[in-house]
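Student: What follows is a structure written as structure tokens; I'll ask about it next.
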Amino acid sequence: MNPKKNDRYTAAIAGVTQQDVNAFGALHGTTGRTHTDPEYAQQHFGGVIVQGALVMAPVMDLCDRILGEAWYQNSEIETKFVAFTRLGDVVTVTLDVQESSPTLLQLSYACTLPDGKVVQAGTITHRPD
């Protein structure tokens, strides 16, 4: 793809299950009780909290789709986790091209719930070779 300024890309992560959270936690070492112990999480946080990195997976997929192999070189992500994502939440990722030149690709993204609440937001910078 050849992203241009003001292009927009979207993706979604369907409702995550406890099994998804547990498998992701085992793979990434994020097995804290807030993620893997529903009873504890309910008592202390109102329910299981999905790992932020799992919610970011569609962001990474979009970057791969846009940039291909180039995505894995000379790219940086800055993200803010601004709200919890719960089991079953559907999260939509919107990625907007802020700047596109031969020397710089600047993207902004937001992960939102169906009610419009932002759960993650950030920027992605890619500097081609």
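Readers should treat all values here as calculations from the given coordinates under stated rules, not as data from a laboratory. Keep in mind that this is a model prediction, so the values were computed, not measured. In this analysis, Cβ positions are derived from the backbone assuming ideal geometry, glycine residues included, and neighbour counts consider all displayed protein chains.
Student: Hey, what did region 8-126 get for relative contact order, percent, Cα under 8 Å, at least 6 apart?
Tutor: Computed over region 8-126, the figure is 29 percent.
Student: What's the local net charge at residue 72, with K and R +1, D and E -1, over the other residues with C-beta under 15 Å away?
Tutor: -3
Student: Please report the net charge: other residues with Cβ closer than 12 Å to the Cβ of residue 125, K and R +1, D and E -1.
Tutor: Result for the neighbourhood of residue 125: -2.
Student: Around residue 16, what is the net charge, scoring Lys/Arg as +1 and Asp/Glu as -1 over all other residues with Cβ under 14 Å from its Cβ?
Tutor: -1
Student: Explain nothing, just compute: Karplus ³J(HN,Hα) = 6.51 cos²θ - 1.76 cosθ + 1.60, θ = phi - 60°, for every residue of region 6-12 in order, whole Hz, x for Gly and Pro.
Tutor: Coupling constants for region 6-12: 6, 5, 10, 10, 9, 8, 9 Hz.
Student: Another one. Taking just the C-alpha trace of the chain, give me its Rg and Dmax in Å.
Tutor: 15.9, 51
Student: Another question about this same structure. Could you tell me how many degrees, from 0 to 90 and to the nearest 10, lie between the Cα long axis of helix 57-67 and the main elongation axis, the longest principal axis, of the Cα atoms of the chain?
Tutor: The two axes meet at around 10 degrees.
Student: In what order do 67, 113 fall by count of nearby beta-carbon atoms within 10 Å, going from fewest to most?
Tutor: Lowest to highest Cβ neighbour count: 113, 67.
Student: What order, most packed first, do the peptides 24-30, 10-16 have when packing is the mean number of other Cβ atoms within 10 Å of each residue?
Tutor: 10-16, 24-30
Student: State to the nearest 20 debye the size of the charge dipole of region 8-126 about its Cα centre, where the only charges are +1 on K and R beta carbons and -1 on D and E beta carbons.
Tutor: Dipole of region 8-126, to the nearest 20 debye: 180 debye.
Student: Considering only 34, 110, 2, whose Cα is most displaced toward the positive end of the charge dipole of the chain, charges sitting on Cβ of Lys, Arg (+1) and Asp, Glu (-1)?
Tutor: Projecting each Cα onto the dipole axis, the largest value belongs to 110.
Student: Return the distance in nm (one decimal) between the two label points of a simple spin-label model at residue 82 and residue 28, each offset 7 Å from Cα along Cα→Cβ.
Tutor: 2.0
Student: When a footprinting reagent is the concern and you count Cβ atoms within 10 Å, what order do 65, 8 take, fewest first?
Tutor: Lowest count first: 8, 65.
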